[in-house]
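Pasting in a structure now, in structure tokens, and then I'll have a few things to ask.
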Amino acid sequence: AKVLPRRGSLGWHVLDLARLIRRPQGKMPTLLLLNLLILLVFGLIILFSASYVTGYYRFGDVYHYIRPQAILAVGGVGVMLVVSKLDYHIYRRFTLIIYGVTVALMIAALFCDPISGCRRWIHGDNLPFTLQPSEFAKVAIMLGVAAIYQAKRNELKKYSYGILYPVALVAGPMVLLLLAQSHKSGMIIVLCIV
């Protein structure tokens with residue numbers, strides 16, 4: 001007989017996550033993937049046509065701006081394909097962690113030097129990259145609102161659980177941080193997502 005880890009133990013959580021990862025998924029919609037790839041390629045072509053002259057005159061390289069974007073685009077498609085194979089229920093377990101890390105990153109951005117008068121990015125001389133935490137806020141908002149709706153699914157007709165809690169508890173802190181960062185377009189996107 002197999003000896004399974006005790007429920008609630010670390011071994012049980014690892015085994016449970018492995019089951020979620022290996023759970024068979026539906027087939028990825030081919031048209032959706034094709035549309036995404038067409039938009040991605042079209043965006044890269046537009047970026048290249050808008051930046052190759054500047055790249056040539058400033059850096060002597062017409063591919064200066066498009067090269068990193070193309071590498072990130074290919075990497076992003078790879079990550080998307082891997083993530084699409086995971087059972088989406090796995091994200092529910094990490095909602096608080098993702099939300100908390102996102103809020104911490106957005107607060108950290110407020111203490112970095114401003115770029116064009118805005119404090120939206122985490123950057124520095126010791127960092128090899130520039131990070132805009134508001135991009136993670138979009139995912140954290142979706143997960144947070146979904147978590148509230150899932151937890152209170154029987155009470156969604158109440159104003160507090162249907163409207164107030166998702167906006168006040170989940171979007172409120174993010175909107176205040178985006179306001180502090182002078183990121184009004186990010187605020188609009190976050191509120192539209194909610």
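The values are calculated or read from the model by the stated rules, or taken from the named source; none is laboratory data. On a predicted model such as this, the values are computed, not experimentally measured, just so you know. All Cβ positions, glycine included, derive from the backbone under ideal geometry; neighbour counts span all protein chains shown. The area values use the complete protein model at the heavy-atom level, side chains included, leaving out ligands, DNA and RNA. Shrake-Rupley method; radii C 1.70, N 1.55, O 1.52, S 1.80 Å.
Contact order normalised by length for region 73-132, with contacts defined as Cα pairs under 8 Å and 6 or more residues apart; what percent is it? Could the numbers behind the result be given before it?
On the way: 32 pairs, mean separation 10.0, N = 60.
Dividing the mean separation by the residue count of region 73-132 yields 17 percent.
Next up: Treating the angle as unsigned and between 0 and 90°, give the value, to the nearest 10°, between the Cα long axis of helix 134-151 and the longest Cα principal axis of the chain.
The two axes meet at around 20 degrees.
Also, I was wondering about something else. Farthest toward the dipole's positive end in the chain, which of LEU176, CYS118, GLY43, given Cβ charges of +1 (Lys, Arg) and -1 (Asp, Glu) about the Cα centre?
The residue sitting farthest along the positive end of the dipole is LEU176.
Please list, by residue number, every one of the trypsin sites (Lys or Arg not before Pro) in region 87-194 that is coil in DSSP and has at most 11 other beta-carbon atoms within 10 Å. All intermediate terms of the calculation are to be shown ahead of the outcome.
Details: sites: ARG92, ARG93, ARG119, ARG120, LYS138, LYS152, ARG153, LYS157, LYS158, LYS184; in loops: ARG119, ARG120, LYS152, LYS157, LYS158.
Taking region 87-194 and a limit of 11 other Cβ atoms within 10 Å, the loop trypsin sites (Lys or Arg not before Pro) found are LYS157.
Mind checking the dipole of the chain: about its Cα centre, +1 per Lys or Arg Cβ, -1 per Asp or Glu Cβ, Debye to the nearest 20? Don't skip to the answer; put the middle values down first.
Details: 20 positive and 7 negative charges, 207 e Å.
With only Lys, Arg, Asp and Glu charged at Cβ, the dipole is about 1000 debye.
Relative contact order for region 41-85: what percent, with Cα pairs under 8 Å and sequence separation of 6 or more? It would help to have the intermediate numbers written out before the result.
Values: 26 pairs, mean separation 12.7, N = 45.
28 percent.
Same structure, new question: Just going by the charge dipole of the chain, with Lys and Arg at +1 and Asp and Glu at -1 on Cβ, which of TYR88, LEU33, ALA151 is farthest out on the positive end?
Most positive-ward Cα: ALA151.
Of the chain, which part is the longest with no chymotrypsin sites (Phe, Trp or Tyr not before Pro) in a loop (DSSP not H, G, I, E, B) and with at most 16 other C-beta atoms within 10 angstrom? Intermediate results must be reported in sequence, preceding the final value.
On the way: sites that count: TYR63, PHE111, PHE129.
Result for the longest clean stretch: 130-194.
Among ASP61, ASP125, ASP87, ASP113, what's the order by accessible area (1.4 angstrom probe), most exposed first?
Working: ASP61 40, ASP125 160, ASP87 5, ASP113 110 Å².
Ranked from most to least accessible, the order is ASP125, ASP113, ASP61, ASP87.
At a probe radius of 1.4 Å, what is the per-residue accessible area of CYS192, in Å² to the nearest 10?
Per-residue accessible area (CYS192): approximately 110 Å².
Over the chain, with the other protein chains present, what is the accessible area per residue in square angstrom, probe 1.4 angstrom? Can you show the working numbers first?
Values: 13620 Å² over 194 residues.
Result: 70 Å² per residue.
Over the chain, what percent of the accessible surface lies on carbon and sulfur atoms, probe 1.4 Å?
Details: 9380 of 13620 Å².
So the carbon and sulfur contribution to the accessible surface is 69 percent.
A further question on this structure: Is the shape of region 71-138 best called rounded, prolate or oblate, per the rule: a/c under 1.5 gives rounded, else a/b larger than b/c gives prolate, else oblate, with a ≥ b ≥ c the square roots of the Cα gyration tensor eigenvalues?
Numbers: a/c = 3.04, a/b = 1.54, b/c = 1.97.
Oblate, because a/c is 1.5 or more while a/b does not exceed b/c.
Name the lysines eligible as straight-distance cross-link partners of LYS138: C-alpha to C-alpha under 27 Å, and not fewer than 8 places from it in the same chain.
Output for LYS138: LYS27, LYS85, LYS152, LYS157, LYS158, LYS184.
What percent does the relative contact order of the chain come to when contacts are Cα pairs within less than 8 Å and at least six residues apart? Provide the component values of the computation, followed by the final result.
Details: 167 pairs, mean separation 30.2, N = 194.
Relative contact order for the chain comes out at 16 percent.
Same structure again: Measuring from centroid to centroid over Cα atoms, what is the spacing of region 32-54 and region 107-125 in Å?
28
Also, I was wondering about something else. Picking from ILE189, TYR52, ILE97, whose Cα lies most toward the positive end of the charge dipole for the chain (charges on Cβ: Lys, Arg +1; Asp, Glu -1)?
Checked the options; the winner is ILE97.
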